[in-house]
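See below for the structure under consideration.
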Amino acid sequence: MPLVYPADASPKLAHFLTRREAIVLAPYRDGFFDLEKTQPRWSIGSGVIAKHGAKTKLITVKKSFHLLHKEMETRIQTVAWALGVRKFSVPSVPLEQHHFDAVFSLYYQGGSDGLKAVSALIQQGLMTEAADEFKRWDANRHGEQKDGLRARRELERHLFLTGDYGELNPVRLYRHDPHDNPHFEEYHVTEADLKGWLEDDDGDNDE
């Protein structure tokens, strides 16, 4: 499917990301906002900040996808700009939805340096070289190469080249803070769940 303005990440990408991460329906401890570790961060869903901290209400799987989309919105605009998808212009190289999704996944987890490197090659029409560039971004913020990041970059590279999102189900589903109980369900995300990407039947007061 050709990529046109306004660009957006697809529900398939959301499923792809949650397969790599998890879905947590209750607020959970997710580090701290400050170096002194006096301001705990509480998240919910797939790493979205829980609006009411530990008192945030339980959510549904569908709601978790809606919150993830809202979390992604500003980053979606950043990726679209980097790829040349703008209101009054078209990308210099024809792009498909899976190209955008692969690049977004790299940026969402790996940061702006990888985005700049890959998008620069794409803008030159060097698609094979851009795909290979994904593999260079397998280190954490301390410069340590990690097997998990290497595997993720390979999945993104494969998606970029083929449009194949791979096996998307099951995902790990927690109905509680994983720090309190590591048990999770192997949950099969449904089409009804993925409608939360664009729909919010529950309203905004439940998060």
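The numbers here are math on the coordinates, done by the rules we state, and not lab data. What you see is a predicted model; the values in this text were computed from it and never measured.
So the values come out like this:
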item	result
Residue-averaged 222 nm ellipticity for the chain, from DSSP H runs of 4+ at -39500 (n - 2.57), nearest 500	-13000 deg cm²/dmol
Pairs of alpha carbons in the range 49-207 whose separation is greater than 27 Å (percent)	35
Largest-first ellipsoid semi-axes for the range 27-85, taking √(5λ) over the Cα gyration tensor eigenvalues, angstrom	25, 17, 6
Rg and Dmax [Cα atoms of the range 1-142; Å; Rg one decimal, Dmax integer]	16.8, 49
Most mobile of GLN109, GLN39, GLN145 in a GNM of the chain (Cα contacts under 10 Å)	GLN39
The range 135-191, Cα convex hull volume normalised per residue, Å³	126
Set of lysines near LYS57 by C-alpha distance (under 25 Å), chain-local residues within fewer than 8 positions excluded	LYS37, LYS70, LYS195
